[in-house]
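> Let me give you the structure first, and then I'll get to my questions.
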Amino acid sequence: MAKTIIELKNADLTLGEAAASVHVLKGISLTVDAGESVGIVGPSGSGKSTLLMVLAGLERLDGGEIYIDGTPLHRLSEDQVAEFRGRNVGIVFQSFHLIPNMTALENVAVPLELANTPNAFDVAREELIAVGLGERLGHYPGQLSGGEQQRVAIARALAPSPKLLIADEPTGNLDAETGRQIADLIFSEQRERGMTLVLVTHDAALAKRCQRQVRVRSGEVVSGTDTELLSTSVRQEASA
C-alpha cells in the first residue's frame, strides 16, 4: 500500500481583511501518495497557487488540517514550519527568485548553509552539475538565460534532498523549447530521486505529464480522478 505524503483535510483560507477579504480555499480535502506526480489545474483566480503555497507551508490555514509526511503543519509554529520546510520541501517558482548579487553556486548553497548542512558548497556544486550548469558556477543570475536561471532554482530546490517538490508555473516565463527542457529535467529528477511532485500549470502538455490531475475551481476541488475530463478542461482553459 502506497504511503501518503500529503493529507489535507477541510482546508479553509481567507486572504485579506474586511471588504477586501477573499475566501480562497473552501474546505479542500486532498491526499497525495509518496512518489506521485500531481498537476493542479484550473482557471486564473481559482485558488490553485494558494493551495500550492499551503502545501509548501508558506500560507497558514484558517481552518482544517495539513499533514506533510505525517507532520501536522497546522499545529507547528512559523519557525517550526520553516525548519521542516527547509529539510523536506523544495520549491520552484515561475520567477526563479534568485539572489541577484550571489553566484549560481552561492544561490544553491544558501539554504544548505541555513540548514547547517555539512559541505554545503560541495553539495551545491554537485547539484548544479546535475542540472547541466557545471560551467556556470561563478555566474550571477543577470549573466544567465531564463532557462539557466530556472535550472539554478531547480538545483537549489533539490539540494536538501526533499521528499516533496513544489513547482508553481515552472515553465511560465520560458519559451516553448526551453520550457520543454525544464519540464524534462523536473520529471527526470523526480523519478530518479523518488520524490513527490506537485505542480501548478496552465500548460496542458505539462499537466498531462503528471500521473494525476486535480482541478480546482472557485476554491474547491472539482475532481481528482477523471483524468480525461481534467485534461480536456486544461486544454480549454489554456486556449481561452
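The values are calculated or read from the model by the stated rules, or taken from the named source; none is laboratory data. None of these values were measured; they are calculated from a predicted model. In this analysis, Cβ positions are derived from the backbone assuming ideal geometry, glycine residues included, and neighbour counts consider all displayed protein chains. These area figures cover heavy atoms from the full protein model, side chains too; ligands, DNA and RNA do not enter into them. Shrake-Rupley method; radii C 1.70, N 1.55, O 1.52, S 1.80 Å.
> Could you please find all residues in segment 89-119 being in a helix (DSSP H, G or I), at pLDDT 95 or above and open to solvent by less than 40 Å² (accessible area, probe 1.4 Å)?
Hits for segment 89-119 are Ala104, Leu105, Asn107, Val108, Ala109.
> Another question, then. Tell me yes or no: at least one residue of segment 176-186 is within 12 Å of the chain's Cα centre (by Cα) and within 27 Å of Gly47 (Cα to Cα).
Looking for residues that are within 12 Å of the chain's Cα centre (by Cα) and within 27 Å of Gly47 (Cα to Cα), one finds at least one in segment 176-186, hence yes.
> If you don't mind, there's one more thing I want to ask. Taking segment 120-146, which residues are of a type in the set (Lys, Arg) and assigned to a helix (DSSP H, G or I)?
Arg125
> Report yes if Ser37 is in contact with a helix residue (DSSP H, G or I) (Cβ under 8 Å, 6 or more places away or on another chain), within 22 Å of Pro170 (Cα to Cα) and open to solvent by less than 50 Å² (accessible area, probe 1.4 Å), otherwise no.
yes
> Is it fair to say Ala124 is of a type in the set (A, V, I, L, M), open to solvent by less than 70 Å² (accessible area, probe 1.4 Å) and either at pLDDT 95 or above or touching a Leu at 6+ places or on another chain (Cβ under 8 Å) (or both)?
The answer is yes for Ala124.
> Looking at (1) among the polar types (S, T, N, Q); (2) open to solvent by 70 Å² or more (accessible area, probe 1.4 Å); (3) not in a loop (DSSP other than H, G, I, E, B), can you tell me which one Gln150 breaks?
(2)
> Now for a different question. What do you reckon, is Ala130 aliphatic (A, V, I, L, M), within 30 Å of Asp175 (Cβ to Cβ) and buried (at least 16 other Cβ atoms within 10 Å of the Cβ)?
For Ala130, the condition - aliphatic (A, V, I, L, M), within 30 Å of Asp175 (Cβ to Cβ) and buried (at least 16 other Cβ atoms within 10 Å of the Cβ) - is met.
> Still on this model: Going by the structure shown, is Gln190 buried (at least 22 other Cβ atoms within 10 Å of the Cβ) and either in contact with a Leu (Cβ under 7 Å, 6 or more places away or on another chain) or at pLDDT 95 or above (or both)?
Criteria not met by Gln190.
> Among the residues of segment 153-186, which ones are part of a helix (DSSP H, G or I) and free of Cβ contacts under 8 Å to residues at least 40 places away in the same chain?
Within segment 153-186, Ala176, Glu177, Thr178, Gly179, Arg180, Gln181, Ile182, Ala183, Asp184 qualify.
> Any idea which residue in segment 35-75 is nearest to Arg217 (Cα to Cα), counting only those that are part of a strand (DSSP E or B) and free of Cβ contacts under 8 Å to residues at least 40 places away in the same chain?
Pro72
> Determine if segment 21-28 includes at least one residue that is open to solvent by less than 10 Å² (accessible area, probe 1.4 Å), part of a loop (DSSP other than H, G, I, E, B) and among the hydroxyl-bearing types (Ser, Thr, Tyr).
no
> State all residues of segment 187-203 that are on the phi < 0 side of the Ramachandran plot, assigned to a loop (DSSP other than H, G, I, E, B) and not β-branched (Val, Ile, Thr); if no residue qualifies, say none.
Met195, His202, Asp203
> OK, next. Yes or no: Thr196 modelled with pLDDT of 95 or more, polar (S, T, N, Q) and surrounded by 16 or more Cβ atoms within 10 Å (Cβ to Cβ)?
For Thr196, the condition - modelled with pLDDT of 95 or more, polar (S, T, N, Q) and surrounded by 16 or more Cβ atoms within 10 Å (Cβ to Cβ) - is met.
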